[in-house]
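Everything on this sheet refers to the single structure shown next.
Nothing in this text is a laboratory measurement; each read-out follows from the coordinates by a stated rule. Keep in mind the model is a prediction, meaning the values are calculated, not measured. All Cβ positions, even for glycine, are placed from backbone atoms using ideal geometry, and neighbour counts span all protein chains on display.
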Amino acid sequence: MRLLYEFDYNDYDKCIRSYERNAVRAIICKGNDIAMVKSDKEGYYKFPGGGIEKNESHIEALIRETLEETGLSIIPESIREYGFTCEKRKSTYDFDEIFIQNSYYYFAEVNDSISELSLDEYEKVLGYHLEFVPPAIAYEANKEIGKNYYSSFILREAKVLELLINENK
């Protein structure tokens, strides 16, 4: 899979170990809109997806995470690779550790029906819900919110949105 973008914060020179997390993200288009998970509390948008569990394939994780966060059922035969991002930074939990986040993005189509969400408690607190939105709207919101946010994932999602927007011009 091709590298879309690398975010290297170079703030980990004194770190003595690393932790790597792999995740999947779904790119689901409906007309001119894209399916995003929006946080009512914080206002940002994220692609449906999350961490790959032990002994789980990328495709299995993509289908599971998308269903949990959006209620959308991915059609497995429709899945195709887009690319991945890599983030490297000092861990926010252990200052002796480098945190490496690889996010693998896949295009996918979904069935028309929407199931009930199965959100984690923190996702409920953040007010996560499915929203079909023009990519430019999600991009602008994340770019603005990302200026003052504690986590780099918002800027990561903004960068992928920007790439998608530029490729569709």
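What the table below lists for this structure:
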| read-out | value |
| --- | --- |
| Along the chain, longest interval not containing exposed chymotrypsin sites (Phe, Trp or Tyr not before Pro), exposed being DSSP loop plus at most 11 other Cβ atoms within 10 Å | 1-92 |
| Gaussian network model of the chain, Cα within-10 Å springs - most flexible of S103, S78, S113 | S113 |
| Pairs beyond 22 Å (Cα-Cα), from K41/K90; K54/K159; K14/K143; K30/K159; K88/K124 | K41/K90; K54/K159; K14/K143; K88/K124 |
| Computed helical MRE - 222 nm, the chain, DSSP H runs ≥ 4 contributing -39500 (n - 2.57), nearest 500 | -8000 deg cm²/dmol |
| Relative contact order for the stretch 3-167, counting Cα pairs under 8 Å that sit 6 or more residues apart, in percent | 31 percent |
| Low-density loop positions, GluC sites (Glu not before Pro), the stretch 89-164 - DSSP coil, at most 14 other Cβ in 10 Å | E116 |
| Of [x] 15.9; [y] 18.3; [z] 16.4, the label for Kirkwood radius over Cα pairs in Å derived from the coordinates | [z] |
| Cα gyration tensor category, rounded, prolate or oblate, for the stretch 21-68 with a/c compared to 1.5 | oblate |
